[in-house]
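What follows draws every value from the coordinates through simple rules; no lab data is involved. Everything numeric in this text was worked out from a predicted model, so none of it was measured. Positions of Cβ are generated from backbone atoms using ideal geometry, with glycine treated the same way; all protein chains shown enter the neighbour counts.
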Amino acid sequence: MGRSRRRKKLPAEPVEANIESMSHDGKGVVHIEGKATFLVGGLPGERVRFLYTQQRRKYDEGRVVEVLQASPERVEPRCAQFGICGGCSLQHQAPAAQIQTKQQALLDALEHLGKVEPETVLEPLLNETPWGYRRKARLGVRDVPKKGKVLVGFRERGSSFIADIEQCHILHPRVGQLLPQLSQLIEGLSVKRQVPQIEMAMGDETLVLIFRILESLNEADRQALAQFGAEHQIEIYIQEGGLDTIQPLSGIPADLNYRLPDFDLSLDFLPIDFTQVNTGINRQMVSRVVEMLDPGANERVLDLFCGLGNFTLPLARRAGEVVGVEGDAGLVTRGRANAKRNGIDNVDYFTANLYEPLEQEPWLLQRFDKALLDPPRSGAQEVLEHLPKLGVERIVYVSCYPGTLARDAGILCHQHGYRLVSAGVMDMFPHTAHVESIALFEKG
């Protein structure tokens, strides 16, 4: 048996390097003696000093400790804990440059993974401000005696520790500015060491906080939580076990909903339901989807991975009929209720796991003119073969991960006879490396 190769010991002192590019997760990329190193806090074109933080077989990791020659894209991060907290990765890059980086990441993925190129690159969708946009989030909680307080916030980058922050600038201000008060609240509970997380869900007006509790609350705890909710106009929920144990502290369910004014719609949802985190971008995105799909009054539209109707119901305002398919039976129930509540009767919903064989599904026996795909990160590969058989001539694909969109674009174009008409990005998650994108495909 041959000897294993011993890794070269990395320098303990800062190393100078020129940053060549940016990785998909927002790190600067350099090559040291041919080996890639990914640097937290670096931007392309910069000369920096960095410290190694991790050695791996195929690549190393590090963090920038000094910028010797700054990129014109560099800005001062708003958060004092940027680089430590894992909630953001791009606050050091100007917002306009962030979105261009994401657009290029999408185009690169389409070219290299899907071997396709859009005929038109769409203008990015942007909010007026890239701050205070998050209405859904999961915050970690930990009692830290050495700091003399309970920490509430996102976890530190690459760590299980909770970042010690006083304010989060990407969370909606109703929560982002409330972290010290949440810390004090939990500090006063008898179960302060048994509260591992708080989940945030917010509609247009109503804010819900779900406290994960590993031990039962006593009466004083309940009163403290109720008083906190009343003072800050927050609906408090408690989760003592699995998702089925989530209950409002008061016993009265919160009235959670969001509006889509362009379509005269209001959609109800539960705190645990999937909804988009950025209301402003979601409204723009829904309008762009409907514009791109352009359903006619006599056309039938298939909405796969339809959720509770975020796209289904707006499409139904324009189309002759819309069929929504979703794997989560609870979301289908909410989708049907939302259709009824908004006076929409040209929608039919089906529950189906779109990652399993679908040959027995009744909606596969129907014909459709157009289709919308809005899959999770894993993409929609399993359903693509059905679209041309259903007669679909136009597809709009909304994606939360450019890698799987690129893969699926290649399949649609090279195997099923569609062409990539247009593609672009939407700034759903400013200051993070997350890329939300949209693409239009047409047959022939």
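Could you tally the net charge around Ile198, taking each other residue with its Cβ under 11 Å from the Cβ of Ile198, Lys/Arg +1 and Asp/Glu -1? Don't skip to the answer; put the middle values down first.
On the way: positive: Arg138, Arg212; negative: Glu199.
Combined, the nearby Lys, Arg, Asp and Glu give +1.
Quick check: Cα centre of the range 273-332 to Cα centre of the range 159-180, how many Å?
32 Å
So if we plug the beta-carbon distance of Lys443 and Leu214 into 1/(1 + (r/R0)^6) with R0 = 60 Å, what FRET efficiency do we get, rounded to 0.05? Mind dumping the intermediate values first?
Numbers: r = 54 Å, r/R0 = 0.89.
That gives a FRET efficiency of 0.65.
Give the separation of the Cα centroids, the range 30-81 to the range 210-236, in Å.
Between the Cα centres of the range 30-81 and the range 210-236 lies a distance of 43 Å.
Please compute the modelled spin-label separation between Asp255 and Thr206, points set 7 Å along Cα→Cβ, answer in nm with one decimal.
0.8 nm
What is the chain's relative contact order, in percent, from Cα pairs under 8 angstrom and six or more apart in sequence?
On the way: 952 pairs, mean separation 61.3, N = 444.
Reported as a whole number, the value is 14 percent.
Using a Gaussian network model of the chain with C-alpha springs under 10 Å, which one of Ile411, Ile162, Ile252 is most mobile by mean-square fluctuation?
Checking each option, the largest mean-square fluctuation is seen for Ile252.
Could you tell me whether the range 125-238 comes out rounded, prolate or oblate from its Cα gyration tensor? Rule is a ≥ b ≥ c as square roots of the eigenvalues, rounded for a/c under 1.5, then prolate if a/b exceeds b/c, otherwise oblate.
Working: a/c = 2.07, a/b = 1.28, b/c = 1.61.
Taking the square roots of the gyration eigenvalues as a ≥ b ≥ c, the range 125-238 is oblate.
Taking every alpha carbon pair in the range 370-444, what does the distance histogram look like in 5 angstrom bins from 0, in percent?
P(r) for the range 370-444, in whole percents per bin: 3, 17, 30, 26, 14, 6, 3, 1, 0.
How high is the FRET efficiency between Glu359 and Asn298 when r is their beta carbon distance and R₀ equals 30 Å, given to the nearest 0.05? Could you put the intermediate results ahead of the total?
On the way: r = 28 Å, r/R0 = 0.94.
With a Förster radius of 30 Å, E is 0.60.
Taking the Cα centre as origin and putting +1 on Lys and Arg beta-carbons and -1 on Asp and Glu beta-carbons, what dipole magnitude results for the range 182-233, to the nearest 20 debye?
Roughly 240 debye, rounded to the nearest 20.
What is the set of long-range amide H partners of Arg157 at a cut-off below 5 Å, with H atoms built 1.01 Å from backbone N?
It is Cys85, Gly86, by chain and number.
Measure off 7 Å from each Cα along the Cα-to-Cβ vector at Leu243 and Ala226, then give the distance between these two points in nanometres to one decimal.
2.9 nm
Taking the simple approach of a point 7 Å from Cα along Cα-to-Cβ for both Lys389 and Gln366, what is their distance in nm?
Label at Lys389, label at Gln366, 1.7 nm between them.
Toward the positive end of the charge dipole of the chain, about the Cα centre and with charges on Cβ (Lys, Arg +1; Asp, Glu -1), which of Ala80, Gln233, Leu304 goes farthest?
Result: Ala80.
Which FRET efficiency, nearest 0.05, do Glu111 and Glu382 yield, Cβ-Cβ r, R0 22 Å? All intermediate terms of the calculation are to be shown ahead of the outcome.
Values: r = 24 Å, r/R0 = 1.09.
According to the calculation, E is roughly 0.35.
Calculate, in nm to one decimal, what Ser422 and Gln167 gain on full extension: separation in residues at 0.36 nm each, minus their alpha carbon distance. Walk me through the numbers before you get to the answer.
Values: separation 255, 0.36 × 255 = 91.80 nm, distance 3.89 nm.
Here the answer is 87.9 nm.
Put +1 on the Cβ of every Lys and Arg and -1 on every Asp and Glu Cβ in the chain; which of Ala371, Pro430, Phe154 then has its Cα farthest towards the positive end of the dipole?
Result: Phe154.
Taking every DSSP beta bridge with both residues inside the range 1-74, roughly what % is antiparallel (nearest 5)? Spell out each step's value before the answer.
Details: 19 of 24 bridges.
Antiparallel bridges: around 80 percent, rounded to the nearest 5.
Of the cross-linked pairs Lys27/Lys58; Lys136/Lys340; Lys149/Lys192, which ones have a Cα-Cα span greater than 18 Å in the structure shown?
On the way: Lys27/Lys58 16 Å; Lys136/Lys340 26 Å; Lys149/Lys192 10 Å.
Those over the limit are Lys136/Lys340.
Which one, Asn127, Asn346, Asn298, has the greatest fluctuation when you compute a Gaussian network model over the chain with C-alpha springs under 10 angstrom?
Evaluated over the chain, the most mobile residue of the options is Asn298.
Run the dipole for the chain about the Cα centre, Lys and Arg Cβ at +1, Asp and Glu Cβ at -1, nothing else charged, and hand back the magnitude in debye, nearest 20. Write down the numbers at each step before the final one.
Working: 51 positive and 58 negative charges, 388 e Å.
Result for the chain is approximately 1860 debye, rounded to the nearest 20.
Quote to one decimal, in nm, the extra length available between Glu20 and Arg47 on full extension: 0.36 nm per residue of separation minus the C-alpha distance between them. Walk me through the intermediate numbers first.
Working: separation 27, 0.36 × 27 = 9.72 nm, distance 0.95 nm.
Gain in length upon complete extension: 8.8 nm.
Can you list the chymotrypsin sites (Phe, Trp or Tyr not before Pro) in the range 207-296 that are in a DSSP coil and have 16 or fewer other beta carbons within 10 angstrom?
Details: sites: Phe211, Phe228, Tyr237, Tyr258, Phe263, Phe269, Phe274; in loops: Phe269, Phe274.
Passing both the DSSP loop test and the Cβ count: Phe274.
Compute the Cα gyration tensor for the chain, then decide on rounded, prolate or oblate, letting a ≥ b ≥ c be the square roots of its eigenvalues: rounded whenever a/c is under 1.5, prolate when a/b is larger than b/c in the other cases, and oblate in all that remain.
On the way: a/c = 1.94, a/b = 1.12, b/c = 1.73.
Oblate is the answer for the chain, as a/c is 1.5 or above yet b/c matches or exceeds a/b.
Could you tell me which of rounded, prolate or oblate describes the range 1-74, using a ≥ b ≥ c as the square roots of the eigenvalues of the alpha-carbon gyration tensor, with rounded for a/c under 1.5 and, failing that, prolate when a/b is larger than b/c and oblate otherwise?
Prolate, since a/c reaches 1.5 and a/b exceeds b/c.
Hey, got a sec? Which GluC sites (Glu not before Pro) in the range 5-42 land in a DSSP loop and have at most 16 other Cβ atoms within 10 Å? Provide the component values of the computation, followed by the final result.
Details: sites: Glu16, Glu20, Glu33; in loops: Glu20, Glu33.
Answer in residue order: Glu20, Glu33.
Which of Ile32, Ile234, Ile186 ends up with the largest GNM mean-square fluctuation for the chain, with Cα atoms connected below 10 Å?
Top of the fluctuation ranking is Ile32.
Just to confirm the filter: which trypsin sites (Lys or Arg not before Pro) across the range 178-286 are DSSP coil and have at most 10 other Cβ within 10 angstrom of their Cβ?
Working: sites: Lys192, Arg193, Arg212, Arg222, Arg259, Arg283; in loops: none.
Answer in residue order: no site qualifies.
Counting only DSSP beta bridges with both residues in the chain, tell me the antiparallel percent, nearest 5.
Numbers: 57 of 90 bridges.
So the antiparallel bridges in the chain amount to around 65 percent.
From the phi angles alone, apply the Karplus equation (6.51, -1.76, 1.60; θ = phi - 60°) to the range 28-41 and give each ³J(HN,Hα) in whole Hz, x where the residue is Gly or Pro.
Ordered by residue, 3J(HN,Hα) equals x, 10, 10, 10, 10, 6, x, 9, 5, 10, 9, 10, 6, x Hz.
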